[in-house]
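Structure first, commentary second.
What follows draws every value from the coordinates through simple rules; no lab data is involved. In this text, all values refer to a predicted model and were calculated from it rather than measured experimentally. Don't worry about glycine lacking a Cβ; one is built from the backbone with ideal geometry, like all the others, and counts go over all protein chains shown.
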Amino acid sequence: MIGDKDDMVARLRAVLPNRWFPDTTPVLDAVLSGAAAIWAWAYSLLQFVQAQARIATASDVWLDMVATDYFGTYVRRAPGQDDNSLRGAIDREMLHERATRPALEGALNDLTGCAPVIFEPARPADTGAWGVASGWNAGGGWGSLEMPFQFLVTACRPVGGGISVVAGWGVPVGGWGVGAAEYASFAMEGEQVSDAAITMEIIRTIPAATIAWLRISS
């Protein structure tokens, strides 16, 4: 295999004159193996460093460092989150559109797993018009031109917490909270998104000089 000890021994042996040594050289092989082991270690370290220098191949704490370098404390590994999931979060955050309504919808959908409801009082497409997508018990909403550059957004908390189909401690299988009995850890619990994280995502996405009135529902 390229870069392993045997490969390094063969490379070192190839540059030595053949006439200097017989076919069987145990002493020479031992000397070359010592040097080859160091070169093989250095080569493997180089391969590791190259992998950690790219988001697509970084892993473990090195991927956490990538997130910190780009986003500070905003994008961090959640409890139990694996490398692929964190890598996807980094890629999404890096390429997120900003300062538009679709950008806000996409950002909140990525964060919470459900699409927000956005209403702009000065936007006819949201409010409807007399006789057009409006009226009692019809679509639309009460519009107002006195709320320029403002909108109302309803975000939902993600469904999570707990471990499905697993009964609680002391609960007999088949009884209240029907489920299997098994050992579990916090790493198996669904990822939680705080209200503060939802609010910060809105602040990071909306244009300057706009006001978002937020409601968070469960």
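Tabulated data
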| item | result |
| --- | --- |
| Nearest-0.05 FRET efficiency for ILE203 and ASP64, computed from C-beta distance (R0 22 Å) | 0.40 |
| Distance (nanometres) between label positions extended 7 Å along Cα→Cβ at ALA129 and PHE71 | 4.1 |
| Extension gain, VAL15 back to ILE38 (0.36 nm per residue minus Cα-Cα distance, nm) | 6.5 nm |
| Loop sites in region 74-132: chymotrypsin sites (Phe, Trp or Tyr not before Pro), DSSP, at most 11 other Cβ within 10 Å | TRP130 |
| Compactness of region 9-66 as Cα Rg over 2.2 N^0.38 Å, two decimals | 1.73 |
| Near-label residues of region 84-123 by backbone N, under 12 Å of a point 7 Å along Cα→Cβ of THR57 | none |
| Gain on full stretching of the segment that runs from LEU46 to ASP82 - 0.36 nm per residue minus C-alpha separation | 10.5 nm |
| Rounded FRET efficiency, nearest 0.05, which uses the C-beta distance separating ARG98 from GLU146 and R0 of 30 Å | 0.65 |
